[in-house]
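Structure first, commentary second.
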Amino acid sequence: MAGGGTLSEHVDALLGFAAYAETLGYARFWLTQHYSEREAWGDPFPLLTLLGAATSRIRIGTGGLLLRNSVSIQVGSAFRFLMELYSNRVDIGVTRGIASHDDFRANAQRELYDIAFEDRMRTLVALIAPGSSLPPPSLHEPQFWLMGANGASRELARRLRINYAHSRFLASAATPAVRSSTAERYCMAYFASPNETVTTDIASAKVSDSVFLRGSARDVARAIDADAACYGATDAMVALIGGSLEQRRAWISDFAIAARLSDSAAAVKPAPS
């Protein structure tokens, strides 16, 4: 775990950070699913259960779930469990990506030819829908988000009638399309840092330096506003890279003020600890 400390300390810090984000008016708090030795978690579901208990209004979810590394029936049951506990404040963000760890990647590669990603998505949507026989029983509906970086992902989201989040931070990301439907929820996802001197390895992280938002929280808010005006985005998600817990808390406070988030759909997502 980067920065040292015990797992309990990392979890306590995460829960406190989420509760603080809620007091500032943020709409969402998403967790990643990654597998490497430097991270404090891989599977986000145990933490999502704790996050729901530690908060009362903010939406909680994944950003994004590695569906090709997952078993749909297990994922569906886990989300239905969260939906029943925390009503209508659960988000399901899914990505086409696979785990970067060599062992997990090898397993995912063997499964790619068994079930197409679109079929996996359709199965998951059906399993989680109200009326599904999958336990536990739930009448609540989550918000589905497909996270992608190109037109193919956005078209898939349209076919599935779910929301789309465009990963602006990826070096391989295509230029975003303009939102074409007033009923469509359209999120732009970014990387930023509360530490203006952060030395992130942009190349190895597959992050585009041109859209790694540098500068103060107010600078980042202005950049996101410009993107929203250009592409019609309804939501913004920011993954914070680097910085201490104190710096992160100060950053999201400044950002909330700058972006006037109390009545907006903006979201914040923590990077892996």
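The values are calculated or read from the model by the stated rules, or taken from the named source; none is laboratory data. Every value quoted in this text rests on a predicted model; they were computed, and no experiment measured them. Virtual Cβ from ideal backbone geometry, glycine too; neighbours counted across all protein chains shown.
General remarks:
- If the condition is being out of contact with any Ser or Thr (no Cβ under 7 Å at 6 or more places or on another chain), over 14 Å from ILE92 (Cα atoms) and of a type outside the set (S, T, N, Q), then region 131-166 contributes GLY131, PRO136, PRO137, LEU139, GLY151, ALA152, ARG154, GLU155, LEU156, ARG158, ARG159, HIS166.
- Scan of region 64-82 for residues that are touching a residue at least 40 places away in the same chain (Cβ under 8 Å), surrounded by fewer than 22 Cβ atoms within 10 Å (Cβ to Cβ) and closer than 21 Å to ALA54 by Cα, ordered by number: PHE81
- Residues of region 1-55 satisfying the condition of being free of Cβ contacts under 8 Å to residues at least 24 places away in the same chain, of a type outside the set (Gly, Ala, Ser) and in a helix (DSSP H, G or I): GLU9, ASP12, THR23, PRO46
- Exclusive hit being touching a strand residue (DSSP E or B) at 6+ places or on another chain (Cβ under 9 Å) and modelled with pLDDT under 95, set ARG59, ARG89: ARG89
- Residue pairs meeting the criteria (Cβ under 8 Å; at least 6 apart or on separate chains; first touching a residue at least 60 places away in the same chain (Cβ under 8 Å), in region 119-139; second outside any loop (DSSP other than H, G, I, E, B) and of a type in the set (A, V, I, L, M)): LEU134/ILE73; LEU134/LEU127; LEU134/ILE128
- Filter result for the condition that a residue is closer than 18 Å to GLY64 by Cβ and modelled with pLDDT of 90 or more, over LEU170, LEU156: LEU156
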